[in-house]
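I have placed the structure first, in the form of structure tokens, so that the comments after it can refer back to it.
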Amino acid sequence: MLSKSAAKAFFLIGTGISFLAFVGLTYDTFRQIPARTHADQITPEVARGKEIWDHKNCMGCHTIFGEGAYYAPELTKVMERRGEVFVRGMLRDPAAMYPGQRQMVQYDFTDAEIDDLVAFLTWIGHVDTNGFPADPPLRQHLAPAASADGRPLVFQQTCIACHSVGGAGGNVGPALDGVGTRRDADYLTRWLHDPSAVKPEARMPQLGLSDAQVTELVTYLGTLRTEH
Ligand code: HEC
Ligand code: HEC
């Protein structure tokens, strides 16, 4: 049994030590923030993107660093997971990227606003989150099914969300197995630049692919010569 004065000393010393540890760890965290967040990379674009993020209340549906609402996908690593082409498509016209699903707000962003949001999400993706999302990586579960058989990155990130190859992938658009025998390079090039210029009623969105991406994709699609 402690005496009254020993109990008092125990309480005061214990509280003192916990308090000092708390202050020390808080100080340590604050000391690391500029380096962990790459604060030097916060350009005016990134800052404007953050303003739009706050102003439009993206957090009302999404999380970043696990903070926010759990209605819509975690976005900390969305640039890595989905790629720029998909994210831009989403911000331009969400219904085109996820046809018929519960849908994200159509914000009618200008191109400049989309640039800012992409800069913000890219910066977020580079923050050293100490391993978040935690193990087992949430990212893996959110990533589209893809194999590493030399596909262009943009194919693995973007196209596979809507198309399947070898039975894996989305089913919004047709399976692309055998497309290399159905369509020639000229058709595929025109299609990827702007589907609705080839077929006015096309449901595939204009994805804003660069010439280099289209060339790489057409080469890859040309290799898909067998039906699944
Ligand atoms: C009303 C809820 C809501 C708000 C607000 C919202 N989103 Fe979304 N967002 C969604 C849903 C739901 C999805 C998943 C696609 C779907 O089901 O339509 C999504 C998907 C996305 C995706 C693609 C993620 C993926 O993994 O495919 C991005 C990027 C995105 N949103 C960015 C934003 C940004 C930036 C804002 C703010 C400007 C925002 N969202 C505001 C509901 C919302
Ligand atoms: C948001 C969904 C979506 C995304 C993302 C998407 N597509 Fe499509 N795609 C479609 C749909 C739907 C069709 C069917 C034609 C139509 O109605 O637009 C289609 C048709 C096609 C066709 C024509 C197939 C044929 O047999 O004529 C090709 C080739 C194609 N997509 C390639 C791609 C590539 C490569 C990508 C990635 C850069 C891609 N698609 C991304 C939805 C999508």
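The values are calculated or read from the model by the stated rules, or taken from the named source; none is laboratory data. Owing to the predicted nature of the structure, the values given are computational and were not obtained by experimental measurement. Note: ideal-geometry Cβ built from the backbone for every residue, glycine included; neighbour counts use all protein chains shown.
Odds and ends about this structure:
- When the stretch 190-205 is filtered for residues that are within 22 Å of GLY170 (Cα to Cα) and more than 10 Å from ligand 2 (Cβ to nearest atom), the ones remaining, listed by number, are HIS193, ASP194.
- Search result, residues across the stretch 118-135 that are of a type outside the set (A, V, I, L, M, F, W, C) and either within 13 Å of ligand 1 (Cβ to nearest atom) or within 14 Å of the chain's Cα centre (by Cα) (or both): THR122, GLY125, HIS126, PRO133
- Whichever residue in the stretch 92-111 is crowded, with 19+ Cβ neighbours inside 10 Å and assigned to a helix (DSSP H, G or I) and, among such residues, is farthest from ligand 2 (Cβ to nearest atom): ARG92
- Candidates VAL23, VAL46 - the one that is of a type in the set (A, V, I, L, M) and touching a helix residue (DSSP H, G or I) at 6+ places or on another chain (Cβ under 8 Å): VAL46
- Of all residues in the stretch 63-110, exactly one satisfies the criterion of being among the polar types (S, T, N, Q), within 25 Å of GLN213 (Cα to Cα) and out of contact with any Gly (no Cβ under 7 Å at 6 or more places or on another chain), namely THR110.
- For the stretch 55-66, residues that are surrounded by 10 or more Cβ atoms within 10 Å (Cβ to Cβ) and without any contact (Cβ under 8 Å) to a residue 40 or more places away in the chain total 6.
- The single residue among GLU45, GLU51, GLU80 that is part of a helix (DSSP H, G or I), over 15 Å from the mean Cα position of the chain (by Cα), more than 16 Å from ligand 2 (Cβ to nearest atom) and closer than 24 Å to LEU207 by Cβ turns out to be GLU45.
- Set GLY208, GLY167, GLY180: member being surrounded by 15 or more Cβ atoms within 10 Å (Cβ to Cβ), small (Gly, Ala, Ser) and farther than 25 Å from ASP93 by Cα: GLY180
- Residue count for the stretch 211-228, restricted to those that are surrounded by 13 or more Cβ atoms within 10 Å (Cβ to Cβ) and either near ligand 2 (Cβ under 8 Å from one of its atoms) or not β-branched (Val, Ile, Thr) (or both): 7.
- Subset of the stretch 73-128 [touching a strand residue (DSSP E or B) at 6+ places or on another chain (Cβ under 7 Å) and over 17 Å from GLY49 (Cβ atoms)]: GLU74
- Meets criteria (touching a helix residue (DSSP H, G or I) at 6+ places or on another chain (Cβ under 8 Å), near ligand 2 (Cβ under 10 Å from one of its atoms) and not assigned by TED's automatic domain parsing to the domain that holds GLN101) for LEU176: yes
Every residue, every condition in (1) at pLDDT 90 or above; (2) within 8 Å of ligand 1 (Cβ to nearest atom), yes or no:
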site: GLU51; (1), (2): yes, no
site: GLY68; (1), (2): yes, no
site: ALA96; (1), (2): no, no
site: GLY100; (1), (2): no, no
site: PHE109; (1), (2): yes, yes
site: ASP116; (1), (2): yes, no
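- Helices (runs of 4 or more DSSP H) lying entirely in the stretch 156-228 (those with 2 or more residues that are of a type in the set (D, E, K, R)): 185-193, 211-222
- Qualifying positions in the stretch 1-42 - part of a helix (DSSP H, G or I), polar (S, T, N, Q) and surrounded by fewer than 10 Cβ atoms within 10 Å (Cβ to Cβ): SER5
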